[in-house]
Amino acid sequence: MNHNQTVRPLLFAMLASLSGASQAVSFTHNDITLDINGTINGFYVNREAQSINRATGASTTTNNSELTNGLLPGWINFVATTQANGQDIKAHFSFAPGINNNSQTVGLPIGNNAGGAGTTNPYSQIDTRNVYFQFGNSSWGTLKFGRDIGLFGQNIILSDMTLIGVGGTSNAGIPYNTTFGMIGHGYMYTGFQPQITYTTPNLNGLQAAIGIFQPSKFAGDETKAPGIQGMASYDWKGSSASGKLWTGFVSQTTSCSVSPCSTSSFSANGFELGAKAGFGNFEAVAYAFTGSGLGLSTVGAQFYGGSNGAGNKTDSDGYFLQGTYKFGDTKVGLNYGENKDKNGYALTGASPMNSIKNRAYTLGVYHSLNKFITLVGEFNDEKVTNVSDTNYDNKNRTLSFGGIIFF
C-alpha cells in the first residue's frame with residue numbers, strides 16, 4: 001500500500017465552499033483510493049439576550065459566556081473512490097462530533113439534562129451526516145443512494161460566510177455542537193437526509209438534480225409518497241467576473257388512513273432563487289425563498305410545525321443579502337437576513353395572523369493564518385418579533401472569536 005499526502009479539494013457537502021486550500025491524506029490500494037480529511041473548530045461566545053414585553057415595555061436581560069462549536073461541528077470524512085466498467089464510483093462516510101461534553105440541550109452527550117435532576121440524555125454525541133454511495137460518469141450523470149445534504153437550501157448555506165464562524169445563537173442553546181449561523185434569518189436549513197438523487201452532467205456550467213427524500217408525517221398519519229426536491233444551477237467564469245445562479249424546490253404530500261383525520265393532511269411546497277457574483281476581491285450574494293406548509297423557518301427543520309391540528313399551513317418567506325471583500329489573507333463581510341412565518345403549529349393563537357419575524361445581521365472578519373487555519377471574529381445582532389399570544393420580542397447580540405482548521 002502506498003501512503004502519500006496530496007492536496008485535493010474537499011468534495012463534501014458543507015465543506016465544498018471552503019475546498020481551495022484543504023489538505024487530504026490519501027491511500028491507494030489496487031484500484032481503490034481512500035481520502036481522509038476533516039475540520040475542527042472552537043469559539044468563545046458572549047451573548048446578551050433581552051426579552052421585551054410588548055404590552056408593558058418591561059424587559060429582562062441575561063448574559064452568558066461559553067466555549068462552543070460554530071455553525072460547523074467537528075467533521076471527519078472517509079471517501080473511497082474507484083472506477084469500474086466506465087463508471088466513477090464513490091462511497092462516503094462522515095462523523096461530526098462536537099467539543100462540548102455536557103448540556104441540557106437535546107442531542108448533546110450524556111449528562112444532567114433535566115436541571116440537575118439526574119436524568120441522562122439518551123442521544124448520541126456522534127452525528128453521522130454522510131452515509132452514501134454514488135456512481136455515474138460525465139456522459140449520463142450520477143445516481144446517489146444514502147444520506148447526504150439536501151437539495152433545497154443547499155447552495156445558500158454553502159454561500160453563507162458564517163459557515164466557518166458562529167453567526168446567530170437565538171435558537172441554539174450554548175454550549176452547543178452547532179450554532180445556527182444565519183439559518184432562520186434569510187433561509188431554511190437544508191439538513192442531511194436519506195435520499196435517492198440523480199444529477200445531470202455539467203453542460204458548460206449548467207447542471208440540475210432531482211431526488212426522492214425520506215418523507216415526514218407532518219400532517220396526517222401516513223406517507224404514501226416520498227418527498228421530492230430538485231435544483232438547477234448555472235456557473236460561469238470570466239476574466240473580470242464569475243458567478244452562479246440557482247433555483248430549487250421541495251414538495252411533500254401526506255395522507256390519512258382513516259376518515260375523518262384527527263389532523264388535516266395537506267401538501268407542503270417551497271421554492272427558492274439565488275445568485276452569487278464575484279468581481280475581483282468583492283463577492284455579493286442575494287437569495288429569497290417562499291414556502292407553504294414547510295414549518296417554522298426560524299427553527300430550520302423542514303415540516304416542523306406544519307399543522308396545528310386544524311389543517312393550518314405555516315406560510316414562510318425570507319431573503320438574504322451578503323457582501324464580502326478580501327484584503328490579502330483577510331476577508332471582511334456583512335450580511336443581513338429576514339424570515340417571516342405566519343400561522344401553523346407553534347403559533348397557537350386563534351387569529352390566522354399570528355406570526356413571527358426573525359431579522360439579523362452579521363459583521364465578520366476571517367483571516368487565513370496559513371493554508372490550514374482560519375481565525376474568525378464576528379458580531380451578530382438578532383431581533384425576533386412575535387405577533388402572537390406570547391406578545392414578547394427578543395433581542396440577541398453575540399460576539400464571538402475563535403478558529404477553524406481544515407486538513
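Bear in mind these aren't lab numbers, they're just calculated from the coordinates by the rules spelled out. Everything numeric here is computed off the predicted structure, so don't read it as measured data. Counting neighbours? That spans all protein chains shown, and the Cβs are built from the backbone with ideal geometry, glycine included.
Structure notes:
- Near LYS144, once Lys and Arg are set to +1 and Asp and Glu to -1 for all other residues with Cβ below 15 Å from its Cβ, the sum equals +1.
- Pairwise FRET efficiency - PHE282 versus ASN63, Cβ, R0 = 51 Å, nearest 0.05: 0.90
- Binned Cα-Cα distance frequencies in region 131-228 - 10 Å width, integer %: 14, 33, 34, 17, 2
- The Cβ shell under 14 Å around SER257 holds other residues with a net charge of 0, Lys and Arg each +1, Asp and Glu each -1.
- Over 18 Å between alpha carbons, listed pairs LYS244/LYS340; LYS331/LYS371; LYS90/LYS144; LYS331/LYS395: LYS244/LYS340; LYS331/LYS395
- Order by protection proxy (mean Cβ within 10 Å, highest first), peptides 367-373, 43-49: 43-49, 367-373
- Summed residue charge, Cβ within 14 Å of ILE32's Cβ, Lys/Arg positive, Asp/Glu negative: -2
- Between ALA241 and HIS367, the modelled labels are 3.3 nm apart [label points 7 Å from Cα along Cα→Cβ].
- The modelled label-to-label distance between SER259 and GLU48, using points 7 Å beyond Cα along the C-beta direction, is 5.9 nm.
- Where trypsin sites (Lys or Arg not before Pro) fall in DSSP loop in region 158-239, at most 16 other Cβ within 10 Å: LYS217, LYS224
- For region 221-271, the spread of Cα coordinates along the three principal axes comes to 62, 14, 8 Å, biggest extent given first.
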